[in-house]
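Trainee: My structure is below; once you've seen it, I'll send some questions.
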Amino acid sequence: MSIKTDILFLESLRDYVKIKTTSRQIVTRQTIAYYEELLPREQFLRIHRSFIVAVSKIEAITENRIEVMGQGIAIGGNYKQLVFVRL
């Protein structure tokens, strides 16, 4: 199975990005913008300046949060319109 299908979300940690998968966590020295360009747009959605989520892994959505595997992630104000257009 490809790591792209295992990814739950990516979280920016300043100079690093934490990639949370179904089985582990990976920390890389890249920017979240790098991964935003690399990952397929139809499968991944930037919902906050610090978060990209796998669309297929979204379990619930409210006006201000998305839940992925039990973890609530805030939807950033600058991303809210795009999120609700896509979903």
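Trainee: Report, ordered by the first and then the second residue, all pairs with beta carbons closer than 8 Å, sequence separation of six or more or different chains, a first member in the stretch 59-87 that is under 13 Å from L8 (Cα atoms), and a second member that is of a type in the set (S, T, N, Q).
Mentor: Once the first residue is under 13 Å from L8 (Cα atoms) and sits in the stretch 59-87, its partners that are of a type in the set (S, T, N, Q) give M69/T22.
Trainee: Quick check on this structure: which one of E59, E63, E11, E67 is of a type in the set (D, E) and either in a loop (DSSP other than H, G, I, E, B) or at pLDDT below 95 (or both)?
Mentor: E63
Trainee: Looking for something farther than 19 Å from L87 by Cα, among the hydrophobic types (A, V, I, L, M, F, W, C) and surrounded by 11 or more Cβ atoms within 10 Å (Cβ to Cβ) - is there at least one such residue anywhere in the stretch 51-74?
Mentor: no
Trainee: Can you give me the number of residues within the stretch 45-68 that are basic (K, R) and under 18 Å from D6 (Cα atoms)?
Mentor: Total satisfying the criteria: 2.
Trainee: Continuing with this model, one more query. For the stretch 9-27, what are the residues that are in contact with a strand residue (DSSP E or B) (Cβ under 7 Å, 6 or more places away or on another chain) and of a type in the set (K, R)?
Mentor: Within the stretch 9-27, the first condition is being in contact with a strand residue (DSSP E or B) (Cβ under 7 Å, 6 or more places away or on another chain), and the residues that meet it are 9-11, 16-22, 25-27.
Across the stretch 9-27, the qualifying residues are K18, K20.
Trainee: OK, next. Looking at the stretch 12-42, which of the residues that are under 19 Å from L82 (Cβ atoms) and in contact with a Ser or Thr (Cβ under 7 Å, 6 or more places away or on another chain) is surrounded by the fewest Cβ atoms within 10 Å (Cβ to Cβ)?
Mentor: S12
The values are calculated or read from the model by the stated rules, or taken from the named source; none is laboratory data. Please read all numbers here as calculations on a predicted model, not as lab measurements. Neighbour counts run over all protein chains shown; Cβ positions are idealised from the backbone, glycine included.
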